[in-house]
1. Note the full-extension length gain between residue 76 and residue 149 as 0.36 nm times their separation in residues minus their Cα-Cα distance, in nm to one decimal.
2. Considering only DSSP states other than H, G, I, E and B, which trypsin sites (Lys or Arg not before Pro) in region 97-145 qualify as loop sites with at most 15 other Cβ atoms within 10 Å?
3. Kindly sort 14, 151, 7 by accessible area of their heavy atoms, largest first, with the probe set to 1.4 Å.
4. Among the listed pairs 31/131; 31/148; 85/131, which are separated by more than 19 Å between their Cα atoms?
5. Separation between the residue 136 and residue 101 pseudo-spin-labels, each 7 Å from Cα along Cα→Cβ, expressed in nm?
Amino acid sequence: LRDVARFRRLYTWFHDNIPLSNDTSISDDNKVKKASLLSLIMCYYFRLATSEQRRKYFQTIETDVKNLKQVLPCQSLNELLVLEKNALVKKMNLPPGVAMNRALTDNIFVLCICILNRIPVILCGKPGSSKTLSVQIVISSFKGRFSKDPFLCTM
């Protein structure tokens, strides 16, 4: 039941805070679907250990969700995730010369969403997988009314 409670909390947050990517033309029905998909991604996708498991997870959801292209402004769940991660990361204070690789954007996205929803999170990974850097970026970006982005000022 913890997963159900986590999903509900994330769904409510995504529904209230979409669009992260500034797509204001999203309909209410598509907003519900997008919030559901992002909540599923947060609850299960990031827990998977290998890229093969993650690919299979996306394939399973994409085959189960009918008319995915009508719901999303993109072609796949991976593209949706990349759009939302990049939209959130662009709101952050990034140190100069930092490479925005997948590991860093994943870590920042998960940290931000979990912190904002008061969901405990443990970052696991090999040395050099941007765990510490992502925490430092999130801390330097969450300054309340002194944040550089209006979205972060309200958090």
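1. Contour length minus the Cα-Cα distance gives 23.5 nm.
2. 118, 143
3. Heavy-atom accessible area, descending, gives 7, 151, 14.
4. 31/131; 31/148
5. 1.5 nm
The values are calculated or read from the model by the stated rules, or taken from the named source; none is laboratory data. In this text the structure is predicted, and so the values were computed from the model without any measurement. Note that we place each Cβ from the backbone using ideal geometry, even for glycine, and neighbour counts take in every protein chain shown. Areas reflect the complete protein model, heavy atoms only, side chains present, ligands, DNA and RNA absent. Shrake-Rupley method; radii C 1.70, N 1.55, O 1.52, S 1.80 Å.
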